[in-house]
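Peer 1: Can you keep this structure in mind? I'll have questions shortly.
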Amino acid sequence: MSKQILVTGGTGYIGSHTVVELQNEGFDVVIVDDLSNSNIDVLDAIEKITGKRPAFEKFNLADREKTNVFFEQYKNIDAVIHFAAYKAVGESVQKPLEYYRNNLVSLMNLLENMKKHRVSNLVFSSSCTVYGQPDQLPVTESTPRKPAESPYGNTKAVSEDIMRDFSHANEGINCIALRYFNPIGAHPSALIGEFPVGVPNNLVPFITQTAAGLRDELKIFGADYDTPDGTAIRDYINVVDLAKAHVVSINRLLENKQQSSYEFFNVGTGNGYSVMQLVKTFIKVNGVDVKYQITDRRAGDIEKIWADTTLANEELGWEAEKTLEETLESAWAWEKKVRNIK
Ligand code: WQD
């Protein structure tokens with residue numbers, strides 16, 4: 001009997017890639033998603049890739065009644081991976097209450113039901129944003145968190161605290177938070193990828209949409225940072241590598257290998273690349289042009305961050321495998337597929 005994994009937000013960008021890797025490992029998957037930032041067609045794409053269609057329920061986990069009903073119905077869940085959350089940094093500044101309510105109430109409804117229905121294991125989608133601008137680089141898991149720069153980032157920090165406190169108060173509940181750096185790229189099949197609604201906030205989808213002619217030019221937010229080429233540095237991690245980190249985390253909990261009831265890991269490549277390096281690498285590996293213009297810094301951006309991945313490498317037995325070049329090729333292949341560009 002295959003173990004069953006609940007993936008909330010499973011039709012989203014990272015969620016869908018994780019569902020594929022879970023199915024490749026033989027897990028049964030049920031997705032809960034309210035489709036507020038993703039498309040139901042992703043289920044067809046997942047089925048095309050793996051030959052298996054995940055079960056699907058459409059509702060928002062901030063709805064306590066619907067979440068309770070779901071857990072009454074699905075009695076064989078062995079673990080949960082929780083992606084479902086609002087995640088637009090800028091929007092969270094405009095709508096803080098929506099972000100706190102959606103992101104925190106969803107998690108609390110989930111944890112309450114996990115306790116009630118004896119679902120012991122949770123892997124959570126956290127973010128390196130909890131570190132703010134670190135004083136020292138690379139960041140390790142011992143690097144202190146800093147006050148969040150946005151309500152979105154604060155929901156990640158508070159969610160970590162909720163999991164820590166709830167797992168300490170409830171024997172048998174074990175949580176792992178994965179602190180993502182910057183997820184980019186798409187599945188090699190080009191059947192799933194990042195599909196931002198409206199104008200992309202993130203760098204790589206803006207680059208690919210500019211290359212596809214949907215955007216006139218890329219604005220590079222600031223070239224006066226204290227970095228080699230003046231543009232900001234991030235640790236860009238391939239989304240398939242990131243998805244695999246969730247599978248190893250689930251196995252860690254199912255095999256009871258966790259060292260404590262609440263653990264967290266940096267999930268990055270350990271390499272920092274500047275915005276300009278990304279743009280130039282994208283142009284080179286894909287043989288396309290990307291018009292860009294240097295503009296002012298974007299409010300709330302930090303200057304540089306990249307991960308020390310030793311703990312994930314040694315404790316999870318996981319490391320990022322894909323190169324930046326193949327990741328940017330996959331991003332472009334996906335954009336071309338979506339836009340029907342040959
Ligand atoms: C990367 C770099 C920008 C767009 C955020 C969240 C993080 C996660 C990923 C949700 C920065 C520059 C960007 C553009 C640019 N969010 N940039 N022109 O801000 O590092 O992280 O998104 O899961 O939690 O904090 O990612 O891709 O927006 O920006 O110059 O049009 O690219 O200034 O230096 P960020 P990003």
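Peer 1: Could you identify the single residue in S120, S127, S106, S150 that is more than 16 Å from the ligand (Cβ to nearest atom) and either more than 28 Å from D44 (Cβ to Cβ) or among the polar types (S, T, N, Q) (or both)?
Peer 2: S120
Peer 1: A follow-up question, please. Go through the residues of the stretch 164-185 one by one and say whether even a single one is part of a helix (DSSP H, G or I), in contact (Cβ under 8 Å) with a residue 40 or more places away in the chain and of a type in the set (S, T, N, Q).
Peer 2: Yes, the conditions are met somewhere in the stretch 164-185.
Peer 1: Using the structure shown, decide if A320 is under 22 Å from the mean Cα position of the chain (by Cα), within 13 Å of the ligand (Cβ to nearest atom) and at pLDDT 95 or above.
Peer 2: The answer is no for A320.
Peer 1: Let me ask something else. For the stretch 75-84, does any single residue satisfy the condition of being open to solvent by 40 Å² or more (accessible area, probe 1.4 Å) and in a helix (DSSP H, G or I)?
Peer 2: Checking the stretch 75-84: not a single residue is open to solvent by 40 Å² or more (accessible area, probe 1.4 Å) and in a helix (DSSP H, G or I).
Peer 1: Sort out which residues of the stretch 21-59 are closer than 19 Å to A186 by Cβ, surrounded by fewer than 23 Cβ atoms within 10 Å (Cβ to Cβ) and among the β-branched types (V, I, T), and write them in order of number.
Peer 2: I40, I49, T50, listed by residue number.
Peer 1: Could you run through the stretch 315-329 and say how many residues are of a type in the set (A, V, I, L, M) and free of Cβ contacts under 8 Å to residues at least 60 places away in the same chain?
Peer 2: Adding up the residues that qualify gives 0.
Peer 1: Shifting gears a bit: For the stretch 1-42, give me each residue that is modelled with pLDDT of 95 or more, in contact with a strand residue (DSSP E or B) (Cβ under 6 Å, 6 or more places away or on another chain), among the small types (G, A, S) and more than 26 Å from V199 (Cβ to Cβ).
Peer 2: Once the filter is applied, which keeps residues that are modelled with pLDDT of 95 or more, in contact with a strand residue (DSSP E or B) (Cβ under 6 Å, 6 or more places away or on another chain), among the small types (G, A, S) and more than 26 Å from V199 (Cβ to Cβ), the stretch 1-42 yields nothing.
Peer 1: Would you check which residues across the stretch 147-186 are open to solvent by 30 Å² or more (accessible area, probe 1.4 Å) and of a type in the set (A, V, I, L, M) and list them?
Peer 2: A148, V158, I162, A169
Peer 1: Further question: Taking the stretch 202-232, which residues are in contact (Cβ under 8 Å) with a residue 60 or more places away in the chain, within 7 Å of the ligand (Cβ to nearest atom) and closer than 20 Å to S330 by Cβ?
Peer 2: Result: L203, V204, L218.
Peer 1: Now, a different point. Of all residues in the stretch 297-314, how many are touching a residue at least 60 places away in the same chain (Cβ under 8 Å) and either of a type in the set (F, W, Y) or surrounded by fewer than 22 Cβ atoms within 10 Å (Cβ to Cβ) (or both)?
Peer 2: Of the residues in the stretch 297-314, 11 are touching a residue at least 60 places away in the same chain (Cβ under 8 Å) and either of a type in the set (F, W, Y) or surrounded by fewer than 22 Cβ atoms within 10 Å (Cβ to Cβ) (or both).
Peer 1: Sort through K48, K66 and tell me the only one that's touching a Phe, Trp or Tyr at 6+ places or on another chain (Cβ under 6 Å) and among the basic types (K, R).
Peer 2: Going through K48, K66 in turn, the sole match is K66.
Peer 1: Still on this structure, I have one more. Please go through the stretch 142-168 and pick out each residue that is touching a strand residue (DSSP E or B) at 6+ places or on another chain (Cβ under 8 Å) and within 19 Å of I302 (Cβ to Cβ).
Peer 2: If the condition is that a residue be touching a strand residue (DSSP E or B) at 6+ places or on another chain (Cβ under 8 Å) and within 19 Å of I302 (Cβ to Cβ), then G153, K156, E160 are the ones that fit.
Peer 1: Which of the numbered conditions does S92 fail, given that it passes all the others? Conditions: (1) touching a Phe, Trp or Tyr at 6+ places or on another chain (Cβ under 6 Å); (2) hydroxyl-bearing (S, T, Y); (3) assigned to a loop (DSSP other than H, G, I, E, B).
Peer 2: For S92, the exception is condition (3).
Peer 1: Which residue out of P144, P138 is open to solvent by 50 Å² or more (accessible area, probe 1.4 Å), away from the ligand (no atom under 16 Å from the Cβ) and closer than 20 Å to T310 by Cβ?
Peer 2: Exactly one of P144, P138 is open to solvent by 50 Å² or more (accessible area, probe 1.4 Å), away from the ligand (no atom under 16 Å from the Cβ) and closer than 20 Å to T310 by Cβ, namely P144.
Peer 1: Please go through the stretch 43-73 and give me each residue that is assigned to a helix (DSSP H, G or I), of a type in the set (A, V, I, L, M) and in contact with a strand residue (DSSP E or B) (Cβ under 9 Å, 6 or more places away or on another chain), ordered by number.
Peer 2: Those that are assigned to a helix (DSSP H, G or I), of a type in the set (A, V, I, L, M) and in contact with a strand residue (DSSP E or B) (Cβ under 9 Å, 6 or more places away or on another chain): L43, I46.
Per-residue answers, yes or no, for (1) touching a Pro at 6+ places or on another chain (Cβ under 8 Å); (2) within 16 Å of the ligand (Cβ to nearest atom); (3) at pLDDT below 95:
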{"position": "Q259", "(1), (2), (3)": "no, no, no"}
{"position": "Y262", "(1), (2), (3)": "no, no, no"}
{"position": "S274", "(1), (2), (3)": "yes, yes, no"}
{"position": "K291", "(1), (2), (3)": "no, yes, no"}
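The values are calculated or read from the model by the stated rules, or taken from the named source; none is laboratory data. Being a predicted model, the structure only gives us computed values, none of them experimental. In this analysis, Cβ positions are derived from the backbone assuming ideal geometry, glycine residues included, and neighbour counts consider all displayed protein chains. Areas reflect the complete protein model, heavy atoms only, side chains present, ligands, DNA and RNA absent. Shrake-Rupley method; radii C 1.70, N 1.55, O 1.52, S 1.80 Å.
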